[in-house]
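Okay, structure first, notes after.
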Amino acid sequence: MRIWLSRPHMSGNEEAKVAEAFASNFVAPIGPQLNEFEAVVSDYLGGGLHCVALSSGSAALHLALRLAGVGHGDEVWVSSMTFAGGVFPVNYLGGKPRFFDLDPQSWTIDTQILAEQLGIAATEGRLPKAIVPTDLYGQSVDLDQLEALAAKYDVRLVVDSAESVGASFSSTRKAGTGGDAAILSFNGNKIITTSGGGMLVTKHAEWAEEARFLATQARDSAPHYEHSTFGYNYRLSNICAAIGLGQMQVLDARAKRRRAIFAKYERALAAPGIDFMPEADGQFSTRWLTTLTIDPEQVGANREGVRLMLLEHEIESRPLWKPMHMQPLYSGTEYHGCGVDERLFKNGLCLPSGSDMSDAEQDEVIERILSFLAR
Ligand SMILES: *Cc1c(COP(=O)(O)O)cnc(C)c1O
């Protein structure tokens with residue numbers, strides 16, 4: 001591939017930070033860079049929240065759901081249109097997902113459908129243990145509405161902010177600050193990366209303490225290894241945290257660049273039948289990936305045609321996430337919605353959006369799409 005969907009983009013600051021980590025000999029999942037990385041992210045999010053750096057976003061979700069009390073047979077209500085890592089941890093705990101559609105105005109979880117279903121479940125005495133809405137493609141979910149619903153029905157809220165690091169929900173509130181806990185990802189394709197990593201962000205000091213305990217094999221305090229429950233080896237490496245320190249210095253610049261890439265696509269490709277992901281009122285999306293839908297009736301070409309044409313020219317693009325209720329693994333699982341997510345999947349495409357993509361590369365992507373659609 002010559003032009004990628006989203007590549008790691010180093011700032012040049014990372015190697016010095018990694019060298020410092022080596023010099024300290026904390027080549028381990030413990031150390032000063034790890035502590036500093038947590039502090040820097042906590043500050044970035046506005047302070048006052050507890051951050052626990054972990055080996056992946058999926059690990060963070062696994063811990064958050066365990067802390068939320070999810071166990072065998074418990075329901076967890078999840079956005080259907082998401083990445084597998086945002087759902088599989090429900091299975092790790094023996095929980096049962098129930099899937100929810102998106103709101104066509106925001107392409108994030110439909111809070112009206114969610115509210116209706118919570119009302120029904122409350123009267124039937126089968127409320128979920130937790131709700132996991134997904135911040136999709138760089139945009140925050142409606143934290144005000146979701147937090148109000150979670151409070152009203154006394155269910156835990158874990159926001160999957162893996163795709164929205166650097167985004168804001170409002171002028172005073174960043175994405176990643178929501179619910180009982182939020183999870184972040186620093187995987188290689190995300191807006192910033194630690195090569196692989198994640199974070200649990202929580203307002204509850206006791207959740208953070210318990211997460212650190214569980215992420216380091218649940219060792220009770222004793223000179224020997226003493227265990228009264230089982231844990232995991234989920235802590236982030238200090239070396240990876242050092243990469244994260246370099247990346248945090250450029251997070252806002254990366255968001256700015258991705259937004260500029262989005263804006264250029266939007267200007268160049270605007271046409272009847274081509275719709276870009278909306279940005280919710282008052283919000284600041286990072287536009288992690290530029291996502292659009294192509295209506296074959298109006299455009300005279302379909303998503304797959306565009307994707308395969310780009311692939312022929314070694315340009316990577318990808319359909320939107322396939323909704324989880326359409327996955328073979330989850331066939332027969334409850335789904336509430338009107339198929340907004342199914343239509344987005346059918347017609348939706350993510351275009352190359354990496355912050356290191358050159359203007360010439362983006363121009364090539366645009367020209368190839370325009371000339372394909374003109375045929
Ligand atoms: C990337 C991602 C995750 C998982 O993060 P990893 O660090 O890859 O484990 C979870 N949810 C969503 C929506 C994601 O995009």
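Values in this text are rule-based calculations from the coordinates and carry no lab data. Predicted model, so just to flag it, every value in this text is computed and none were measured. Cβ placement follows ideal geometry from the backbone for every residue including glycine, while neighbour counts extend to all protein chains displayed.
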Q) How about the stretch 221-239: which of its residues are in a loop (DSSP other than H, G, I, E, B), crowded, with 22+ Cβ neighbours inside 10 Å and of a type outside the set (A, V, I, L, M)? A) 234, 237
Q) How many residues, within the stretch 84-102, are over 16 Å from residue 322 (Cα atoms) and part of a loop (DSSP other than H, G, I, E, B)? A) 3
Q: Pick out the one residue from 211, 218, 280, 242 that is within 30 Å of residue 27 (Cβ to Cβ), aliphatic (A, V, I, L, M) and assigned to a loop (DSSP other than H, G, I, E, B).
A: 218
(Q) Looking only at the stretch 194-208, filter to residues that are more than 11 Å from the ligand (Cβ to nearest atom) and in a loop (DSSP other than H, G, I, E, B); which one of those is nearest to residue 5 (Cα to Cα)? (A) 203
Q. Of the residues in the stretch 96-109, how many are buried (at least 16 other Cβ atoms within 10 Å of the Cβ), away from the ligand (no atom under 16 Å from the Cβ) and either under 18 Å from residue 158 (Cβ atoms) or of a type outside the set (D, E, K, R) (or both)?
A. 2
(Q) Taking the condition of being farther than 18 Å from residue 191 by Cβ, surrounded by fewer than 17 Cβ atoms within 10 Å (Cβ to Cβ), touching a helix residue (DSSP H, G or I) at 6+ places or on another chain (Cβ under 8 Å) and not charged (D, E, K, R), how many residues in the stretch 1-18 meet it? (A) 1
Q. Exactly one of (1) more than 16 Å from the ligand (Cβ to nearest atom); (2) outside any loop (DSSP other than H, G, I, E, B); (3) buried (at least 19 other Cβ atoms within 10 Å of the Cβ); (4) not aliphatic (A, V, I, L, M) is unmet by residue 26. Its number?
A. (2)
(Q) What's the number of the only condition in (1) without any contact (Cβ under 8 Å) to a residue 60 or more places away in the chain; (2) under 21 Å from the mean Cα position of the chain (by Cα) that residue 344 fails to meet? (A) (1)
Q. Out of (1) charged (D, E, K, R); (2) assigned to a helix (DSSP H, G or I); (3) over 18 Å from the mean Cα position of the chain (by Cα), the odd one out for residue 275 is which?
A. (2)
Q: Could you look through the stretch 148-160, keep only residues that are among the charged types (D, E, K, R) and touching a residue at least 40 places away in the same chain (Cβ under 8 Å), and pick out the one that is nearest to the ligand (Cβ to nearest atom)?
A: 160
Q.
Filter the stretch 243-260 down to the residues that are touching a Lys or Arg at 6+ places or on another chain (Cβ under 7 Å) and either among the charged types (D, E, K, R) or over 16 Å from residue 198 (Cβ atoms) (or both) and list them by number.
A. 246, 258, 259
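Residue by residue, here is whether (1) part of a helix (DSSP H, G or I); (2) more than 27 Å from residue 328 (Cα to Cα); (3) near the ligand (Cβ under 10 Å from one of its atoms); (4) touching a helix residue (DSSP H, G or I) at 6+ places or on another chain (Cβ under 6 Å) holds:
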| site | (1), (2), (3), (4) |
| --- | --- |
| 114 | yes, no, no, no |
| 121 | yes, no, no, no |
| 126 | no, no, no, no |
| 137 | yes, no, yes, no |
| 146 | yes, yes, no, no |
| 162 | no, no, yes, yes |
| 166 | no, yes, no, yes |
| 179 | no, yes, no, no |
| 192 | no, yes, no, yes |
Q) Under 7 Å by Cβ, and 6 or more places apart or on different chains, what pairs join a residue from the stretch 279-303 that is buried (at least 24 other Cβ atoms within 10 Å of the Cβ) with one that is outside any loop (DSSP other than H, G, I, E, B) and polar (S, T, N, Q)? A) 294/347
Q: Hey, can you tell me all the residues within the stretch 325-375 that are charged (D, E, K, R), over 24 Å from residue 115 (Cα atoms) and assigned to a helix (DSSP H, G or I)?
A: 346, 359, 361, 363, 364, 367, 368
Q | Tally of residues being part of a loop (DSSP other than H, G, I, E, B), within 14 Å of the ligand (Cβ to nearest atom) and either closer than 19 Å to residue 202 by Cβ or of a type outside the set (Phe, Trp, Tyr) (or both) across the stretch 63-83 | A | 3
